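See structure below.
The values are calculated or read from the model by the stated rules, or taken from the named source; none is laboratory data. Please read all numbers here as calculations on a predicted model, not as lab measurements. No Cβ is skipped: glycine too gets one built from the backbone with ideal geometry, and neighbour counts run over all protein chains shown. These accessible areas exclude ligands, DNA and RNA; they are computed on the full protein's heavy atoms, side chains included. Shrake-Rupley method; radii C 1.70, N 1.55, O 1.52, S 1.80 Å.
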Amino acid sequence: MQFNIITLFPNMFSAISDEGVIARAIKKSIISIKTWQLRDFSDNQYKNVDDKPYGGGAGMVMQVKPIRDCLSEIKQDSPNTKVIYLSPQGRKLNQQLVEELSVLDSITFLCGRYEGIDERVIENDIDMEVSIGDYVISGGELAAMVLIDAIGRRLSGVLGNESSLKDSFVNNLLDHPHYTRPEVVDGQRVPEVLLSGHQAKIDDWRQAQSIEKTKLKRPDLLDD
Ligand code: 4G3
């Protein structure tokens, strides 16, 4: 899976490319991440890519031309890339959407800053608008990294033992509780069944715990 990222802050992506699960997936060539500095596509000596909003008001708006020029260059390499704009107005991210995106070969994330981008880019150049939740952050970069991590960990070979299949939400349930040594902490014992060595019983218990915990904490997940 190839990720292109259009951003004013390419260095932010070292947070996922230098360390952890995604860094290892890059080393294994399962994932590639390429950042595109939007300022490189500015048409002025100050490298500006934003301007004042028509109609007045606070803040600045990202202009059409640098974004379009950058997308044109990306599409020379990756003609079939899906262009995703991260914004509070997008389709709300959940595991279902992560699964849909994880079958693609190439995704291009457009990361907005300021008050957002010129609406004509959204109308003509974007395939999908995605939101990571109903709140505002200072730029699309952290949202893009959330998506890359969520998609990346679902790709075959990224996690050792296919352990992401057991993640919360992957089967529409929350994960079961986990315990490790020691057996007793301040008088609280590990549930006996986990010490039994009887794998079928352990699997049944975990399944039952998953369902109970989902009923209690996230009953909305059981609706669909
Ligand atoms: C566009 C995404 C981008 C318009 C980006 C702000 C939250 C999300 C931005 C805008 C973002 C999200 C940059 N904040 N919920 N900030 O996915 O008003």
Helix 141-152 vs. the chain, principal-axis angle (Cα, 0 to 90°, nearest 10): 50
Cα centroid separation, the stretch 37-51 to the stretch 74-150 (Å): 21
Per residue accessible area of the stretch 107-224, 1.4 Å probe, in Å²: 61
Accessible surface of the chain [probe 1.4 Å, protein heavy atoms]: carbon and sulfur percent: 47
Debye log10 I(q)/I(0) for the chain, one point scatterer per Cα, at q = 0.14, 0.15, 0.18 Å⁻¹: -0.94, -1.03, -1.31
Set Lys47/Lys82; Lys27/Lys47; Lys28/Lys75; Lys34/Lys75; Lys28/Lys92; Lys166/Lys217 screened for pairs whose C-alpha atoms are more than 22 Å apart: Lys47/Lys82; Lys27/Lys47; Lys28/Lys75; Lys28/Lys92
Burial order of peptide ranges 214-220, 104-110 (average beta-carbon count within 10 Å, highest first): 104-110, 214-220
Protection proxy ranking, peptides 28-37, 200-209, 49-58, average beta carbon neighbours within 10 Å, highest first: 28-37, 200-209, 49-58
Student exercise, the stretch 1-155 dipole from Lys, Arg, Asp, Glu Cβ charges, in Debye to nearest 20: 400
Using alpha-carbon coordinates, inclination of helix 64-77 to the longest axis of the chain, degrees: 60
For Phe109, residues with placed amide H under 5 Å, excluding near neighbours: Asn4, Ile5, Ile6, Ile84
Degrees separating the helix 199-217 axis from the principal Cα axis of the chain, which is the longest one: 50
Lys/Arg +1, Asp/Glu -1 at C-beta; the stretch 158-224 dipole; positive extreme among His176, Leu221, Gln188: Gln188
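Rg to Rh ratio, the stretch 1-72, alpha-carbon atoms and Kirkwood radius? Don't skip to the end; give the middle numbers.
On the way: Rg = 15.7 Å, Rh = 14.1 Å.
Rounded to two decimals, Rg/Rh equals 1.11.
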